[in-house]
Amino acid sequence: MKNFGALYSFELKKILKTRLTVAMLIILLMTILIEAFTPGLFKGFDTTREEKAAMSRISGRTIDDALLQEMYPLLYENGTVWNAENMQYRGVLNTELSMVSDRDLLMGTSAEEMYRMREEKILDIMKEEGLSEREIAWWTEEAASVETPFTTMYYGGAIIYAQNLSGILLVILLIAALCLSTVFTQEHRQKTDQIILSCKYGRKETYLAKLAAGFSVILGCSLVSAGVLALLVQMLYGLDGLDAPVQLELAGSAYALTMGGFILRQLVVMIAAPILFAAFAMAVSELLKNPLAVMGLMVAVDIFGQLEVIPPSFRILAQINAMLPSNQISVWSLLEHRLIPLGNHFLTPFAASPIIYLLLSVILLLAGWNSYRRFQVTGR
């Protein structure tokens with residue numbers, strides 16, 4: 001293993017110096033910039049700053065009858081016209097709209113009725129997802145930790161960051177599919193494997209070096225991208241509201257999480273999911289000896305997961321679909337309440353998905369190693 005460093009450096013350079021990798025890194029950078037600047041460009045940075053200043057004026061107040069009755073007379077046509085008089089209530093209205101299904105009842109709804117509607121909506125979601133009585137009881141205990149009435153605060157920067165991580169993860173998947181699926185197949189295609197596999201360090205050391213190089217590229221892209229996006233969001237909008245409850249954005253969620261806690265779970269997925277992407281791209285390409293098939297499989301699974309064609313009544317299939325990285329990184333994952341049983345306990349999708357991704361990665365890498373070490377050049 002004393003030559004491992006040289007092998008690793010060689011494999012890393014092979015990946016990074018290809019035109020495709022350079023092109024994908026440029027696309028990744030462009031995606032980060034687009035994700036960061038689009039919200040401000042869409043509304044106007046001046047308007048965004050005005051909204052932040054206005055909504056911050058009532059930050060810390062509870063969303064109760066007093067605040068609602070103060071807000072209602074200042075709304076115009078369902079709150080679609082905003083001005084200096086009512087801008088501070090924009091977040092409050094959005095939170096109320098996620099609890100009150102019927103807009104016609106909006107202006108006459110009391111805080112007590114509003115929070116009761118929220119509880120009914122959560123129960124309806126759980127029944128639609130096919131949760132058992134034990135799961136509902138578990139969530140009832142979890143939801144008891146969510147403080148009501150909610151406390152309003154500005155969390156615009158935090159939600160922009162949370163929403164835009166999904167775009168970055170998609171590009172990370174494409175980098176794995178396009179740039180790492182050739183890590184092993186390149187030698188087979190160019191027939192240089194005759195030299196590599198007959199050398200002293202042609203099997204185990206080379207396999208590990210290729211894996212290490214692939215994982216370094218994909219994890220480096222993921223972590224740097226998440227960090228750069230955080231820096232840009234902080235500069236443009238501020239990361240205020242990390243301590244805001246997620247219910248201000250999605251009242252139908254039973255998770256007792258703050259925006260900061262949710263983002264932390266997203267970042268865990270941003271580490272575990274790229275490991276799975278890289279393991280799949282490299283190991284399956286070695287098994288199939290066909291990088292195009294691997295690219296197609298990875299992109300097809302991601303697209304299928306976004307289509308939402310599986311009805312909630314097909315619980316197992318719907319739950320597997322919800323556990324896909326692209327769905328776990330989404331803000332809408334806060335409305336996924338199906339639990340994973342572990343003995344007498346339950347795991348939430350946020351807790352189970354990184355573990356599942358890493359276990360699948362290990363299985364894939366072992367299968368890839370079994371194929372790599374048994375491959376014979378004469379077997380073409």
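Some notes on this structure:
- Count - residues of the stretch 125-141 that are under 25 Å from the mean Cα position of the chain (by Cα), of a type in the set (Asp, Glu) and surrounded by fewer than 17 Cβ atoms within 10 Å (Cβ to Cβ): 1
- Test: Gly296 is within 22 Å of the chain's Cα centre (by Cα) and closer than 24 Å to Ala177 by Cβ: yes
- The stretch 149-181, residues that are of a type in the set (Val, Ile, Thr), in contact with a strand residue (DSSP E or B) (Cβ under 9 Å, 6 or more places away or on another chain) and either crowded, with 17+ Cβ neighbours inside 10 Å or within 30 Å of Met282 (Cα to Cα) (or both): Thr152
- Checked against the criterion of being in contact with a helix residue (DSSP H, G or I) (Cβ under 8 Å, 6 or more places away or on another chain), among the aromatic types (Phe, Trp, Tyr), surrounded by 23 or more Cβ atoms within 10 Å (Cβ to Cβ) and at pLDDT below 90, the stretch 270-277 has no qualifying residue.
- Yes/no for Tyr372 being out of contact with any strand residue (DSSP E or B) (no Cβ under 6 Å at 6 or more places or on another chain) and more than 23 Å from Ser166 (Cα to Cα): yes
- Scanning the stretch 124-139 for residues that are in a helix (DSSP H, G or I) and modelled with pLDDT under 90 gives Asp124, Ile125, Met126, Lys127, Glu128.
- The conditions of being on the phi > 0 side of the Ramachandran plot and of a type outside the set (S, T, N, Q) are not met by Gly305.
- Of all residues in the stretch 18-51 being of a type in the set (D, E, K, R), modelled with pLDDT under 90 and surrounded by fewer than 17 Cβ atoms within 10 Å (Cβ to Cβ), the one that is nearest to Leu236 (Cα to Cα): Arg49
- Within the stretch 228-261, the set of residues being assigned to a loop (DSSP other than H, G, I, E, B), modelled with pLDDT of 90 or more, of a type in the set (Gly, Ala, Ser) and within 15 Å of Gly157 (Cβ to Cβ) comprises just one member, Ala244.
- Selection count, the stretch 57-103, where residues are over 19 Å from Ala251 (Cα atoms), charged (D, E, K, R) and modelled with pLDDT under 85: 2
- Residue pairs whose Cβ atoms lie under 9 Å apart, separated by 6 or more positions or on different chains, with the first residue in the stretch 227-246 and touching a residue at least 12 places away in the same chain (Cβ under 8 Å) and farther than 30 Å from Ser145 by Cα and the second of a type in the set (Val, Ile, Thr) and assigned to a helix (DSSP H, G or I), are Val228/Ile32; Leu229/Ile32; Leu229/Ile168; Leu232/Ile32; Leu236/Thr48; Leu236/Ile160.
- Entry remark, the stretch 348-380: residues being among the aliphatic types (A, V, I, L, M) and at pLDDT below 90 number 1 in total.
- Considering residues of the stretch 280-309 that are touching a Gly at 6+ places or on another chain (Cβ under 8 Å) and of a type in the set (A, V, I, L, M) only, the residue farthest from Val217 (Cα to Cα): Leu287
- Residues of the stretch 310-348 classified as in contact with a strand residue (DSSP E or B) (Cβ under 6 Å, 6 or more places away or on another chain) and touching a residue at least 60 places away in the same chain (Cβ under 8 Å), total: 1
The values are calculated or read from the model by the stated rules, or taken from the named source; none is laboratory data. Since this is a predicted model, take the numbers as computed values, not measurements. Cβ: placed from backbone, ideal geometry, glycine included. Neighbour counts: every protein chain shown.
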